[in-house]
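Read the structure below first, then the notes.
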Amino acid sequence: MAIRSSVVVDLNRFRLRISSNVSDFSGWKYFAKFVSDQASPECAYELICIDLDRDPLDLAELLPLVDRTYRAERFQVGYYLAHHFGPPAHLVTRGNRHYVFGRNLERTVWPYFIKHLLTVYAADHRMVHLKAAGFVQDAGATLLFGKGGAGKTVFLTQACLSGARFLANTHVLVRDGLVYGIPSAMRVRSDPWFAPLVAAGQLQQHFEKGEYRADPNQLFENGWQLEAPVRNVCIVDFDEDRPSHVTELDTESFCLFLDNFALAIGTYGLKDDLLAHVEGDLKRYLAAHQAMRESMVKLVEGCRRLHVNVDMLDPVARADVLAMLGENTGEAARQ
């Protein structure tokens, strides 16, 4: 089977090589940082995407090699993860090398494999994988959590356009109060901020209709900061019909929200994948899951915990909330 394209993507804490038998494979549109020297970089994982339209295979020969896991069974009926569906595909895992055979495989790379690899990496390295956006000010990092459409991307964009440094758009890893951003492109819609860029043709079409790909390197002058102590954790919940406010929350309430909207195991439905990663060992699974949740709780305990409903497109409101988040006071700042 000929490999016709290959890139190494930098995910901050580790590198991933993605290869394909398709010369113009589009699966790396999601990423924002690449390793230029691909001759022999050290990669923690390898993903090989084999398009069966490009090089047909005899399924009678392939099927005996396919994983005997819940996720492999779901892939074979075209169900990848959460709301991500597509043509049937076949998973073959050999150590840290992951093969996927099927069609339109770009739809499996970010929607499934990145989430999966970040979660098992976190489990193996005493970290926790969270769904979060984030930016960095001099006082430390602010992590943004929320339901879909709550305004996280707008909040992040306006903070970075106002002088903050970009940390992450979707995924972070956390250990001992330090957050590590996962470099990626931003998936945006044609809203009041991004519409002029879309109209000018400066943003590439993303995979889904009405969505576009924005490179943080092109949008934000202050660039990236991919590691920082966490100062604030915020549940973003913008609703223009409700009064604007910034309200402090207790640790238990905040963590109850994160259990369902941020902790990757539950948020993305990766419990079966983590169990397969520890070879079905219940004790190892429970220990890994508990360790990640304890890391999340420890993070929340050491930060300012805020519920935020602020119009970040309002210059006065934006300046006020960013000034508050940038204050270098309190327990988190002393860590």
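The values are calculated or read from the model by the stated rules, or taken from the named source; none is laboratory data. Not measured: the values here are computed from a predicted model. Here Cβ is always computed from backbone atoms with ideal geometry, including for glycine, and neighbour counts include all displayed protein chains. Keep in mind that these areas ignore ligands, DNA and RNA; they rest on the heavy atoms of the full protein, side chains included. Shrake-Rupley method; radii C 1.70, N 1.55, O 1.52, S 1.80 Å.
Inspection of segment 39-50 identifies at least one residue that is farther than 21 Å from ASP272 by Cα and free of Cβ contacts under 8 Å to residues at least 24 places away in the same chain. Criterion first (in a helix (DSSP H, G or I), touching a residue at least 24 places away in the same chain (Cβ under 8 Å) and open to solvent by 20 Å² or more (accessible area, probe 1.4 Å)) does ASP239 satisfy it? Criteria not met by ASP239. Among the residues of segment 246-270, write down those that are open to solvent by less than 60 Å² (accessible area, probe 1.4 Å), in a helix (DSSP H, G or I) and farther than 18 Å from HIS129 by Cβ. Selection gives THR251, SER253. Residues that are more than 25 Å from PHE85 (Cβ to Cβ), open to solvent by less than 60 Å² (accessible area, probe 1.4 Å), in a strand (DSSP E or B) and at pLDDT 95 or above do occur in segment 215-230.
In summary, GLU279 fulfils each of the numbered conditions (1) in a loop (DSSP other than H, G, I, E, B); (2) surrounded by 15 or more Cβ atoms within 10 Å (Cβ to Cβ) with the single exception of condition (2). Taken together, the criteria exclude TYR121 from residues that are in contact with a Leu (Cβ under 6 Å, 6 or more places away or on another chain) and open to solvent by less than 40 Å² (accessible area, probe 1.4 Å).
Take the residues in segment 282-304 that are assigned to a helix (DSSP H, G or I) and farther than 30 Å from ARG68 by Cβ, then tell me which one is farthest from the chain's Cα centre (by Cα). Within segment 282-304, the match that is farthest from the chain's Cα centre (by Cα) is GLU301.
Just name the residue that is most open to solvent (accessible area, probe 1.4 Å) out of those in segment 282-309 that are among the charged types (D, E, K, R) and out of contact with any helix residue (DSSP H, G or I) (no Cβ under 8 Å at 6 or more places or on another chain). Break it down into steps so the answer makes sense when it comes.
Applying the first criterion (among the charged types (D, E, K, R)) to segment 282-309 yields 283-284, 293-294, 298, 301, 304-305.
So of that shortlist, the ones also out of contact with any helix residue (DSSP H, G or I) (no Cβ under 8 Å at 6 or more places or on another chain) come out as 283-284, 294, 298.
Values: LYS283: 166, ARG284: 109, GLU294: 107, LYS298: 121 Å².
Once the filter is applied, the top-ranked residue is LYS283.
Just one of the numbered conditions (1) in contact with a His (Cβ under 9 Å, 6 or more places away or on another chain); (2) open to solvent by 20 Å² or more (accessible area, probe 1.4 Å) is not true of ASP273: (2). Checked against (1) part of a loop (DSSP other than H, G, I, E, B); (2) closer than 30 Å to VAL92 by Cβ; (3) open to solvent by less than 30 Å² (accessible area, probe 1.4 Å), MET312 passes all but condition (2). Among the residues making up segment 161-182, those that are in contact with a Pro (Cβ under 9 Å, 6 or more places away or on another chain) and either without any contact (Cβ under 8 Å) to a residue 40 or more places away in the chain or surrounded by 22 or more Cβ atoms within 10 Å (Cβ to Cβ) (or both) are PHE166, ALA168, ASN169, VAL179. Filtering segment 10-61 to residues that are modelled with pLDDT under 95, open to solvent by less than 20 Å² (accessible area, probe 1.4 Å) and not in a loop (DSSP other than H, G, I, E, B) leaves only GLY27.
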